[in-house]
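None of the figures in this text is laboratory data; all of them are computed from the coordinates on show. Nothing here was measured: the structure is a model prediction, and the numbers come from that model. Positions of Cβ are backbone-derived with ideal geometry, glycine not excepted, and every protein chain shown enters the neighbour counts.
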Amino acid sequence: MTMKNLLLSLFLLSTITFFSSCEKESASSDNPYDTWTSTPRGPVIKDLPMDPNSIEGLHKNIFKPTCANSGCHDGNFEPDFRSIESTYNSLLYRDATNYDPANLQIEKRVLPGDAANSMLLHRIKTFIPGTQGQMPLTTDPGSDWAAKKNEYIQNITKWINDGAKDQFGKSALSLDFPPQLGGLMVFADGSSTPLPHIGLNPIEIPSGTNSIKIMVSFIDDKTPINQLGATTFNYSLNPYEYTNPEATMTTESTPFITKGILGKDVEYWHSISLPVSTFKAVAKNVVWIRTQTTDNINAALFIPATSAAFNTKKYCALIIR
């Protein structure tokens, strides 16, 4: 046999062997597409029914279209109605921003199980002298608040009285909320009187000040403030970037009591003393303050949070004069 014939024979043999193995494998294997049939897709449901008495229903029907409009509760100040989570976390057990002199017992925005003593509902139903007005102050086009006001008030009332459940159906009475900011104050060069803290503006540090003592107030729904976990302090000349190491704050033996961010007396337990030169700031620089703490139940969190309203960040700041 010539070399050419030998190569041809080997080629034919290998080809036969290949197709035989494929045929054998195919005969013993199930093709998953043999029994496949095309089933027409059903209609897409773009807007699922939602319980109007749930936090999801309240956010969809009321808070998002009526309250989160530009210049109102759109993240510039609390309550923050941009999302279900921000709505819930800025309402439950949170101190009311305004107070009604005729109803001083109403202190919380939402008090689970007690709609009558929840400021959220009170501001909607009542005009409080000295405030901007009855909520909502304005409504955007597309809001049906005027047509459904009474129905929506009933929805809010039922949600609160049923325990103000979150989006997972858990009652607020069984939850433990993370700490929140109560206030910030500063003492200059050993003074026993804090520097003025006007509204939501930064605290001005007078020219020539050598050292300051910063005190921060925290508020928690269940944990005593002097029993919070490790609490740290940080600062930056950029409110969106903190690169300095965290410094441990001291828990005082007794609190200093004075006005906080909401204008009512709060307890200041945590402090840190620093030379002004620490900030490496020059005149007119703004020093942004950030803390971190935990109630030993929730994970440690930054206060103000990265996503906090800018007014809150501005309140937690210093201006070097």
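Summary of computed values
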| item | result |
| --- | --- |
| Checking Ala305 against (1) surrounded by fewer than 16 Cβ atoms within 10 Å (Cβ to Cβ); (2) touching a residue at least 60 places away in the same chain (Cβ under 8 Å); (3) under 27 Å from Ser174 (Cα atoms), the condition it does not meet | (2) |
| Sole residue being closer than 27 Å to Pro304 by Cα, touching a strand residue (DSSP E or B) at 6+ places or on another chain (Cβ under 6 Å) and of a type outside the set (Val, Ile, Thr), chosen from Phe168, Phe187 | Phe187 |
| Filtered residue count, the range 275-313, keeping only those that are more than 15 Å from Asn234 (Cα to Cα) and out of contact with any Pro (no Cβ under 6 Å at 6 or more places or on another chain) | 13 |
| Subset of the range 141-177 (residues that are of a type in the set (A, V, I, L, M), within 23 Å of the chain's Cα centre (by Cα) and over 13 Å from Asn53 (Cβ atoms)) | Ala172, Leu173, Leu175 |
| Selection from the range 91-105 of residues that are outside any strand (DSSP E or B) and over 19 Å from Gln154 (Cα atoms) | Tyr93, Arg94, Ala96, Thr97, Asn98, Tyr99, Asp100, Pro101, Ala102, Asn103, Leu104, Gln105 |
| Single unsatisfied condition, Leu228 versus (1) among the aliphatic types (A, V, I, L, M); (2) surrounded by fewer than 16 Cβ atoms within 10 Å (Cβ to Cβ); (3) within 26 Å of the chain's Cα centre (by Cα) | (2) |
